[in-house]
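K.L.:
Take a look at the following structure, please.
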């Protein structure tokens with residue numbers, strides 16, 4: 001499909017709802033969805049959950065775009081940090097995260113809730129989609145048949161230069177190996193460490209500070225040259241030492257490497 005066709009299909013998926021509450025995380029998917037919805041004629045409220053699991057930069061991005069483009073924005077605490085099922089970090093942690101999020105959104109609005117889930121997400125294990133189904137959440141990108149590449153193309157076509165260059169930004173809890181409990185201090189450390197390492201590797205396609213059973217691992221794609229790898233290792237070791245956490249080295253980025261299935 002051409003970008004124009006995808007945009008028409010997306011607007012049609014949006015405008016069948018006279019009102020819409022969009023769960024906007026600050027990532028490219030939900031941000032582009034909010035931009036398109038805001039200009040579609042529907043009555044749109046962007047709802048952003050402020051949490052230790054959400055990078056500070058994502059929250060600031062949402063606020064900045066909302067102010068610049070006159071969005072109706074509501075910030076809230078989804079409450080997942082008070083949920084022992086979420087904090088235990090099981091394989092289906094995302095189910096509990098999204099259950100808290102959508103329940104909280106539903107408590108403040110009767111409008112249909114929309115997510116930035118895209119067509120490519122349907123091929124992954126996404127327990128959060130089960131929570132979405134239970135809360136009647138709609139997925140305009142899925143309805144329009146738009147995947148990740150299409151979303152980046154829409155960002156470019158809409159002149160959203162910061163979004164068209166924005167790498168994937170899953171929640172910070174996704175860095176923690178399943179089975180290792182989630183806590184706020186750990187999430188804050190991950191955000192701080194990744195921001196610091198990106199100062200050395202601003203062009204990295206992916207950079208994650210994984211919390212593993214063996215310590216903190218810096219996953220990077222592509223792997224840096226020897227000089228920058230040494231700088232990354234020294235900085236990461238210092239950050240981990242200051243936080244009382246062991247540094248376990250650098251390895252190639254692997255999507256979902258913290259997602260461990262329990263042994264049978």
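We did not get these values from a lab; they are worked out from the coordinates using the rules stated. Predicted model, so just to flag it, every value in this text is computed and none were measured. Positions of Cβ are backbone-derived with ideal geometry, glycine not excepted, and every protein chain shown enters the neighbour counts.
K.L.:
So residue 119 ticks every box in (1) within 22 Å of residue 37 (Cα to Cα); (2) in contact (Cβ under 8 Å) with a residue 40 or more places away in the chain but one. Which box is left unticked?
P.N.:
Failing condition for residue 119: (2).
K.L.:
Output the number of the condition that residue 97 fails; it satisfies all remaining conditions of (1) over 25 Å from residue 194 (Cα atoms); (2) under 17 Å from the mean Cα position of the chain (by Cα).
P.N.:
Result: residue 97 passes all but (1).
K.L.:
Hey, can you tell me all the residues within segment 72-93 that are free of Cβ contacts under 8 Å to residues at least 40 places away in the same chain and in a helix (DSSP H, G or I)?
P.N.:
Those that are free of Cβ contacts under 8 Å to residues at least 40 places away in the same chain and in a helix (DSSP H, G or I): 80, 82, 84, 85.
K.L.:
Related question: Could you please find all residues in segment 136-175 being closer than 25 Å to residue 50 by Cα, touching a helix residue (DSSP H, G or I) at 6+ places or on another chain (Cβ under 6 Å) and outside any loop (DSSP other than H, G, I, E, B)?
P.N.:
Across segment 136-175, the qualifying residues are 140, 148, 151, 152, 155, 163, 164, 172, 175.
K.L.:
Among the listed residues 207, 197, which satisfies the condition of being touching a helix residue (DSSP H, G or I) at 6+ places or on another chain (Cβ under 9 Å), crowded, with 19+ Cβ neighbours inside 10 Å, in contact (Cβ under 8 Å) with a residue 24 or more places away in the chain and not in a strand (DSSP E or B)?
P.N.:
Values: 207 fails: not in a strand (DSSP E or B).
Matching residue, one of 207, 197: 197.
Residue-wise test of (1) part of a helix (DSSP H, G or I); (2) out of contact with any strand residue (DSSP E or B) (no Cβ under 7 Å at 6 or more places or on another chain).
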{"site": "33", "(1), (2)": "yes, no"}
{"site": "48", "(1), (2)": "no, no"}
{"site": "57", "(1), (2)": "yes, yes"}
{"site": "60", "(1), (2)": "yes, yes"}
{"site": "64", "(1), (2)": "yes, yes"}
{"site": "67", "(1), (2)": "yes, yes"}
{"site": "99", "(1), (2)": "yes, yes"}
{"site": "110", "(1), (2)": "no, yes"}
{"site": "120", "(1), (2)": "yes, yes"}
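K.L.:
Looking at 226, 258, 233, 218 in this structure, which one is surrounded by 14 or more Cβ atoms within 10 Å (Cβ to Cβ) and either more than 17 Å from residue 189 (Cα to Cα) or touching a residue at least 40 places away in the same chain (Cβ under 8 Å) (or both)?
P.N.:
Working: 226 fails: surrounded by 14 or more Cβ atoms within 10 Å (Cβ to Cβ); 233 fails: either more than 17 Å from residue 189 (Cα to Cα) or touching a residue at least 40 places away in the same chain (Cβ under 8 Å) (or both); 218 fails: either more than 17 Å from residue 189 (Cα to Cα) or touching a residue at least 40 places away in the same chain (Cβ under 8 Å) (or both).
Exactly one of 226, 258, 233, 218 is surrounded by 14 or more Cβ atoms within 10 Å (Cβ to Cβ) and either more than 17 Å from residue 189 (Cα to Cα) or touching a residue at least 40 places away in the same chain (Cβ under 8 Å) (or both), namely 258.
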